[in-house]
Every structure is written in structure tokens, then in C-alpha cells.
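Colleague: Please read through the structure below; I'll follow up with questions.
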Amino acid sequence: MATAESTRTGIDAGVTIDRMTEHDLVEVCQIEEMSDLSAWGWDAYYNELRSGLETIMLVARADSAFHGIGLAGFIVARLIAGEMHVNNVAVRPEFRRTGIGLRLLESTLANARKAGAEVAQLEVRAGNEAAQALYGLCGFQFVGRRKNYYRQPTEDALLMSLSLSDDRQ
């Protein structure tokens, strides 16, 4: 499993990016329920943690003395055959638009590059303009569409991709 550096900077001071642990899963599921994600649930996250597959599972850990909560957000991605696929990313509503989602995504991309991934891919709801803007900030480009990909509600998925080999950091 890839790791992440803990950092404290800018508008989201008091938040660190760390590797997800089993102890984080209850809060991860709470954040998932607050978001517009296709639900995985505790078992799926636990199985991903324990799978032995190359995964990047990170959390944005809030300083409880500063924020009064444990996790501000999370991201889950999998590395397969030189590709990194973002499965889920979510931020608590009160922490949205503070840069935490961007930090989670940038940390995941950095870990994917270190692991040798050459491309990053993801699906995003066609109506989720905030997420599309976030991915665009990191350089993701639209490459396709999957009709009726999401359920509850039914919605198309936009496919986005980013070359990681062109801009190794």
C-alpha cells in the first residue's frame, strides 16, 4: 500500500493527509453517506484495505482540537498494470471548497507516480460540476461517457484521464 506525507498548509491548516486504517472506516462510511457516491460500505473498504492489491487509501485527518471531528475526507484508488483508477473521493460538507479534496487527489497522484503508474483514470457523475472542476485542476481531461452508469439517481458517467508519465514530479 502506498503512503502519504503528513502536511499542514494554507486554508486547511490543522488537516493532515495520512494512510487510511481500519479505525477510520466508520467515519469514512459517514462521509460516504453525506456525499453523492455510489455506496461501498464498511465491508468493501475493509476488504480493499486487506486485499493485498496495490491500493492508495488516504484520509484527510482533522486536528480534533481545532475542528472537533476526526476525518475531513478520504480517497480510494487502485493501481493495476501501470494505471491508477480513482474509485471514491469525498469531503465532509463543512470542509468542501477548502482545498482538502485537491490535497487528497494530489497526494494520490504523487503516490501513483512513485509506484510507476503512467496514467490516472476515473468516472464522475455528469452533473457533478464541482468534482469535474477539481479533477480539471489536476489536469484530467474528458475522454468519454458511459450512459446510465450511476444509479440512485441514474446518471451518465464522464470518463476522465491524466497522463502521469509526461509530468513526473
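A short reminder: the numbers here are calculations on the coordinates, not readings from a lab. Only a predicted model underlies this, so the values are computations on that prediction, with no experimental measurement involved. Backbone-built Cβ (ideal geometry, glycine too); neighbour counts: all protein chains shown.
Colleague: Can you tell me the relative contact order of the range 10-163? Whole percent, Cα pairs under 8 Å, sequence separation 6 or more.
Modeller: Relative contact order, the range 10-163: 19 percent.
Colleague: Using only the Cα atoms of the chain, what are the Rg and Dmax in Å?
Modeller: 15.1, 45
Colleague: Filter the DSSP H helices in the chain by two things, a Kyte-Doolittle mean of at least 0.0 and an axial alpha-carbon span of 15 angstrom or more, and list the hits by number. Mind showing how you got there, number by number?
Modeller: Details: long enough: 100-114 (21 Å, 0.10).
Sorted by number, the helices that extend far enough and score high enough are 100-114.
Colleague: Label-point separation (nm) for Glu129 and Lys114, each offset 7 Å from Cα along Cα-to-Cβ?
Modeller: Result for the modelled spin labels: 3.6 nm.
Colleague: Just subtract the alpha-carbon distance of Leu137 and Ile80 from 0.36 nm times their residue separation and send over the number in nm, one decimal.
Modeller: Values: separation 57, 0.36 × 57 = 20.52 nm, distance 2.38 nm.
Gain in length upon complete extension: 18.1 nm.
Colleague: Could you pull out every residue, at least 5 positions away or on a different chain, whose amide H is within less than 5 Å of the one on Tyr149? Hs are placed 1.01 Å off N in the peptide plane, and Pro or chain starts have none.
Modeller: Excluding prolines and chain starts, which carry no amide H, the hits are Glu155, Asp156, Ala157.
Colleague: By how many nm would the segment from Asn148 to Arg96 lengthen if fully extended, with 0.36 nm per residue of separation less the alpha-carbon distance?
Modeller: On the way: separation 52, 0.36 × 52 = 18.72 nm, distance 2.65 nm.
Extending this stretch completely gives an extra 16.1 nm.
Colleague: Report the Stokes-Einstein translational diffusion coefficient (µm² s⁻¹, integer) for the range 47-109, Rh taken as the Kirkwood radius over Cα pairs, at 10 °C with viscosity 1.306 mPa s. Let's see the in-between values first.
Modeller: Numbers: Rh = 12.5 Å.
Estimated via Stokes-Einstein, D reaches 127 µm²/s.
Colleague: Mind checking the dipole of the range 24-169: about its Cα centre, +1 per Lys or Arg Cβ, -1 per Asp or Glu Cβ, Debye to the nearest 20? All intermediate terms of the calculation are to be shown ahead of the outcome.
Modeller: Numbers: 15 positive and 19 negative charges, 36 e Å.
Result for the range 24-169 is approximately 180 debye, rounded to the nearest 20.
Colleague: Please name which of Ser163, Val91, Ala120 has its Cα lying farthest along the dipole of the range 10-163 towards the positive end, using unit charges on Cβ (Lys, Arg +1; Asp, Glu -1) and the Cα centre as origin.
Modeller: Sorting the options by dipole projection puts first Ser163.
Colleague: Given springs between every Cα pair under 10 Å in a Gaussian network model of the chain, which of Ser107, Ser51, Ser35 has the largest fluctuation?
Modeller: Looking only at Ser107, Ser51, Ser35, the biggest GNM fluctuation is shown by Ser51.
Colleague: Using only DSSP helix segments of four residues or longer, with each worth -39500 (n - 2.57), what per-residue ellipticity at 222 nm results for the chain after dividing by its residue count and rounding to 500?
Modeller: On the way: 5 runs with 47 residues, N = 169.
Helix-only estimate at 222 nm: -8000 deg cm²/dmol.
Colleague: Please give, to one decimal in nm, the separation of the simple spin-label points placed at Ala44 and Thr21, each 7 Å out from Cα toward the Cβ.
Modeller: Once both label points are built, they end up 2.5 nm from each other.
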